[in-house]
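The values are calculated or read from the model by the stated rules, or taken from the named source; none is laboratory data. Model, not experiment: these values are computed from the prediction. Here the Cβ is made from the backbone with ideal geometry for all residues, glycine too, and neighbour counts use every protein chain on show.
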Amino acid sequence: MKRIEENSLQFYQSDLFPGIRHGIFTRHGGVSPAPWASLNLGGTVGDDVKAVRENHNLMYEVLDVNADKACTTWQVHGADVIMAHGPVEGRKWLARADGVMTNQADVPLVMRYADCIPLLFHDSKKKVVGLAHAGWRGTVQGIGKNMITAMKNAYGSNPTDIQVVIGPGISIEKFQVGEEVVEAVEEHFGTLDGLMQRDPADGTAYVDLWEANRRDLVDAGVENIEIAGICTYQNTEDFFSHRAEKGKTGRFGVVMQL
């Protein structure tokens, strides 16, 4: 991925998505004060709503996408995927879901993150884009695989034609979990090999959400996957991290548009 700076905003773009307006935005270049400094896109974390709206507008402006047609969801740490044709009148979100996709031009998709894993999808043949929010709950429910299935069913996508970027999120080194998470991972994947490691000192478990989502996507037939490899917990100078900042932080944004 390449890092771009424009109008004080800093964001990443992938070579997997030529011609697609997209950005994985850092926390830089916005108007929010600490602890949400400064490009906070989260409207439910205590930040002033006017600042959040201005940050959204700055993000849309730098990508030259239509803010009036931007579509998002109420993210609930699940694995449901919905189709977007445009905003719903009188509401800021389309539905409670953690995956959204569209084949409509001029309809930006946007989601918010602060340790959970961004998944970005593009099928250049059927001209479809999608975004997903993969926390551990969504991961063990197969959010990535669900998106591939939804793109196949709705648009006739072939999984081998779909490129996916696994964006910045918490790394295995920092994602300490309880035994209920370990059990859920093992139940979904049928193994813990390569997905979990234990601290030799105290036996606590750490789970690899990057690899878990990559494995699910490969199992769904995806061949072209890029992993950003950026840990939000270890890079709070660039990204918001719910865990590292003990819940007093913002949300960074990801946008995709045909």
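The residues of region 222-258 that are of a type in the set (G, A, S) and crowded, with 16+ Cβ neighbours inside 10 Å, listed by number, are A228, S241, A244, G250, G253. Within region 2-15, if we keep just the residues that are in a loop (DSSP other than H, G, I, E, B) and surrounded by fewer than 19 Cβ atoms within 10 Å (Cβ to Cβ), the residue that is modelled with the lowest pLDDT turns out to be N7.
Exactly one residue out of H122, H133, H188 is touching a Cys at 6+ places or on another chain (Cβ under 7 Å) and either under 25 Å from I82 (Cβ atoms) or surrounded by fewer than 16 Cβ atoms within 10 Å (Cβ to Cβ) (or both): that is H133.
If the condition is being touching a helix residue (DSSP H, G or I) at 6+ places or on another chain (Cβ under 7 Å), aliphatic (A, V, I, L, M) and farther than 21 Å from D115 by Cβ, then region 10-55 contributes only V31. Here the condition is being polar (S, T, N, Q) and touching a Gly at 6+ places or on another chain (Cβ under 7 Å); of S14, S32, it holds for S32 alone.
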